[in-house]
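Undergrad: Quick one: this structure, given as structure tokens, is what I'll be asking you about.
The values are calculated or read from the model by the stated rules, or taken from the named source; none is laboratory data. None of the values given here were measured: they were computed from a predicted structure. As a convention, Cβ positions derive from the backbone with ideal geometry for all residues, glycine included, and neighbour counts pool all protein chains shown. Surface accessibility is based on the protein's heavy atoms, side chains included, excluding ligands, DNA and RNA. Shrake-Rupley method; radii C 1.70, N 1.55, O 1.52, S 1.80 Å.
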Amino acid sequence: MIDSSGFRAGVGAILVNKNRELFWAKRTRQKNAWQFPQGGLMEGESPVEALYRELYEEIGLLPEDIRILAESKQWLSYRLPKNLLRRHSLPLVTGQNLLFYLLELVSDEDHVCFDRTNTPEFTSFRWVNYWHPLKEVIAFKRHVYHKALNEFSPILFP
């Protein structure tokens, strides 16, 4: 779903383990690019439905593998840099509006699987400290990660 400004609606998943570490996934197509799982909403799909679909497609998790701890209070937006715009794809996507979810992994991490689709998004993952993603995420996403982590930190670190 893309709005009139070219922003695609999507969800972001911040997955935490029992040690309060975050799931940090290495992207397939970019060298040394790491991020949280995320993806766009399909027509008629609710954010929670998109969340479950994206978790399965990107990292192989089922709804019973996670517990939703929180949803961001608002949609968080970032604009894509001009060099990343796919001008051959219409409608042109100029950015993303993401609703973030804080999730707890309740199953074993062995349930993580990257080959649920023919074009995997990620090749590997690691667990990182809570604020680490702000140092490593691509610059144009940093402000939305900062807002989401700030909003969710009191839940994990009261």
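Undergrad: Touching a strand residue (DSSP E or B) at 6+ places or on another chain (Cβ under 6 Å) and either without any contact (Cβ under 8 Å) to a residue 24 or more places away in the chain or of a type outside the set (G, A, S) (or both): which single residue out of N83, N32, N97 fits that description?
TA: Values: N83 fails: touching a strand residue (DSSP E or B) at 6+ places or on another chain (Cβ under 6 Å); N32 fails: touching a strand residue (DSSP E or B) at 6+ places or on another chain (Cβ under 6 Å).
Of the residues listed, the single one that is touching a strand residue (DSSP E or B) at 6+ places or on another chain (Cβ under 6 Å) and either without any contact (Cβ under 8 Å) to a residue 24 or more places away in the chain or of a type outside the set (G, A, S) (or both) is N97.
Undergrad: Looking at segment 112-130 only, could you name the residues that are out of contact with any strand residue (DSSP E or B) (no Cβ under 9 Å at 6 or more places or on another chain) and either surrounded by 12 or more Cβ atoms within 10 Å (Cβ to Cβ) or under 20 Å from P154 (Cα atoms) (or both)? Break it down into steps so the answer makes sense when it comes.
TA: Applying the first criterion (out of contact with any strand residue (DSSP E or B) (no Cβ under 9 Å at 6 or more places or on another chain)) to segment 112-130 yields 113, 115-120.
Selection gives C113, R116, P120.
Undergrad: Moving to a separate point now. Is at least one residue of segment 63-73 out of contact with any helix residue (DSSP H, G or I) (no Cβ under 8 Å at 6 or more places or on another chain), exposed (fewer than 11 other Cβ atoms within 10 Å of the Cβ) and either more than 24 Å from R126 (Cα to Cα) or small (G, A, S) (or both)?
TA: First, pick out the residues of segment 63-73 that are out of contact with any helix residue (DSSP H, G or I) (no Cβ under 8 Å at 6 or more places or on another chain): 64, 67.
Imposing the further condition that a residue be exposed (fewer than 11 other Cβ atoms within 10 Å of the Cβ) reduces the set to 64.
Going one step further and asking which of them are either more than 24 Å from R126 (Cα to Cα) or small (G, A, S) (or both), we end up with none.
Taking every residue of segment 63-73 in turn, none turns out to be out of contact with any helix residue (DSSP H, G or I) (no Cβ under 8 Å at 6 or more places or on another chain), exposed (fewer than 11 other Cβ atoms within 10 Å of the Cβ) and either more than 24 Å from R126 (Cα to Cα) or small (G, A, S) (or both).
Undergrad: Further, regarding this structure: Do the conditions hold for L85, that is, is it more than 15 Å from the chain's Cα centre (by Cα) and open to solvent by less than 40 Å² (accessible area, probe 1.4 Å)? Steps first, please.
TA: On the way: more than 15 Å from the chain's Cα centre (by Cα): yes; open to solvent by less than 40 Å² (accessible area, probe 1.4 Å): yes.
Answer is yes for this residue.
Undergrad: Here is a follow-up. Can you tell me how many residues within segment 41-72 are free of Cβ contacts under 8 Å to residues at least 24 places away in the same chain, over 11 Å from A13 (Cα atoms) and either touching a strand residue (DSSP E or B) at 6+ places or on another chain (Cβ under 6 Å) or hydroxyl-bearing (S, T, Y) (or both)?
TA: Number of matching residues: 1.
Undergrad: Going by the structure shown, is Y78 surrounded by 16 or more Cβ atoms within 10 Å (Cβ to Cβ), of a type in the set (S, T, Y) and free of Cβ contacts under 8 Å to residues at least 40 places away in the same chain? Talk me through it step by step, then tell me what you get.
TA: Working: surrounded by 16 or more Cβ atoms within 10 Å (Cβ to Cβ): yes; of a type in the set (S, T, Y): yes; free of Cβ contacts under 8 Å to residues at least 40 places away in the same chain: no.
Considered against the rule, which asks whether it is surrounded by 16 or more Cβ atoms within 10 Å (Cβ to Cβ), of a type in the set (S, T, Y) and free of Cβ contacts under 8 Å to residues at least 40 places away in the same chain, Y78 comes out as no.
Undergrad: Regarding segment 141-153, can at least one residue be identified that is out of contact with any Leu (no Cβ under 6 Å at 6 or more places or on another chain) and modelled with pLDDT under 95?
TA: no
Undergrad: So, of the residues in segment 1-33 that are of a type in the set (K, R), in a loop (DSSP other than H, G, I, E, B) and within 25 Å of R87 (Cβ to Cβ), which turns out to be least open to solvent (accessible area, probe 1.4 Å)? Give the steps one after another, and end with the answer.
TA: Step one: list which residues in segment 1-33 are of a type in the set (K, R), which gives 8, 18, 20, 26-27, 29, 31.
Retained after the next criterion (residues that are in a loop (DSSP other than H, G, I, E, B)): 18, 20, 29, 31.
Of the ones still in play, those that are also within 25 Å of R87 (Cβ to Cβ) are 29, 31.
Working: R29: 143, K31: 194 Å².
The extreme case among them is R29.
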